[in-house]
Amino acid sequence: MFSNRFFRWKLGAALATIAVMGVYASHRGDGINPGLWRCVAQPHHWNEAHLWLPSARIVSVRESWYEIASGDPEVTIRVDGAAPGKPGDRISWTGTFRSDGPRLLTEQVRVLPPHTRLRWLVEAISVAVLLAVLANLGRHFLFRPKVLQVEGAPRG
Amino acid sequence: MADLLVHTASAFAAGRPLRDGRVRSLLYLGVCLPDLLYKGLLYIGGAPTWLCEPTHSPLGLVVFCYAAALLFEEEWRKRAFAALLGGAYLHVLVDLGKNYMGSGVILWAFPFSMEAVELGWYYPEDTIYLTLPALGVIVLLSLLRFSARRPASP
């Protein structure tokens, strides 16, 4: 399994399996938690679909409903019920899409805390960590002919 | 790649008994691998989200780690595979604790099921609170390893 025998076939089979897994997951997952823009574009097709919006912005607030903007491309949609925050607040939301309106029915909602805006800092730290991990790996595994030559060269 | 510092700290702790620095370096890569693959496919490859999901599933990771292990020299492949897969599973275990409001985070039985599970212990954005403790763990364990390697002074 790990030998050099049929190496190209093994590597090719592994890469092909990865590609098939990706396509299969994409196909099977297509109807699960669809993008908000897809629901708004085809409201009758996605009626009663369960949605999860990791991040949405409250655009406006009324007495019995509010509007949120979410997704890429950004879509604005009405949400039934009392607003969990004020305009400008960011929320995370789960619930059901209804084609009449179209509108959203809330199942769970929470206002995202202010430190969510520090996401870029965590991402930057993660990139630095990844570079350090790769450098450490290179230190152990990279082939360095010059080092070998110097170590193997006769002294004098 | 949201919180690789925390993931790497977990690998530092789990990899402490390993004596070979090369195996440890593979474990550290393994713990970064799921996010590296996911974000790479998503942002560099422009792939849809669902296409990237096998990078965080136990069976999917076996294939990814096997393909990665094949890139090493023959005598190192078994160890590389074990270390990469161990690190990747550690990553998935830490991610499993996240709270995505019931939507799930890990496709635990992919490709047999598309059910995603989560333990809901912490919200994804809360990992920022773990940044300094994670850094502390890495520094502390590095110092311990360094002091253990230094010969005792006469």
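Some observations on this one:
- Considering segment B:101-123, and only residues there that are on the phi < 0 side of the Ramachandran plot and at pLDDT below 90, the residue that is nearest to the other protein chains (Cβ to nearest Cβ) turns out to be B:Ser103.
- Residue in segment B:79-98 that is without any contact (Cβ under 8 Å) to a residue 60 or more places away in the chain, within 9 Å of chain A (Cβ to nearest Cβ) and basic (Lys, Arg) present: no
- Answer from B:Phe72, B:Phe110, B:Phe81 - the residue that is among the hydrophobic types (A, V, I, L, M, F, W, C) and closer than 30 Å to A:Val109 by Cα: B:Phe110
- Looking at segment B:1-59, the helices (runs of 4 or more DSSP H) lying wholly inside it that each contain 3 or more residues that are touching a residue at least 40 places away in the same chain (Cβ under 8 Å) sit at B:4-14, B:21-39.
- Selection within segment B:58-74 - under 30 Å from A:Gly71 (Cα atoms) and either facing chain A (nearest Cβ under 8 Å) or acidic (Asp, Glu) (or both): B:Gly60, B:Phe64
- Residue check, A:Phe2 within 30 Å of B:Leu71 (Cβ to Cβ), more than 10 Å from every other protein chain (Cβ to nearest Cβ) and not polar (S, T, N, Q): no
- Strands (runs of 3 or more DSSP E) wholly inside segment A:16-117 containing at least 3 residues that are within 19 Å of the chain's Cα centre (by Cα) and not small (Gly, Ala, Ser): A:50-61, A:90-98
- Restricting attention to segment A:70-112 and to residues that are in contact with a helix residue (DSSP H, G or I) (Cβ under 9 Å, 6 or more places away or on another chain) and exposed (fewer than 13 other Cβ atoms within 10 Å of the Cβ), the residue that is farthest from the other protein chains (Cβ to nearest Cβ) turns out to be A:Glu74.
The values are calculated or read from the model by the stated rules, or taken from the named source; none is laboratory data. Everything numeric here is computed off the predicted structure, so don't read it as measured data. Cβ atoms come from the backbone with ideal geometry, glycine included; neighbour counts cover every protein chain shown.
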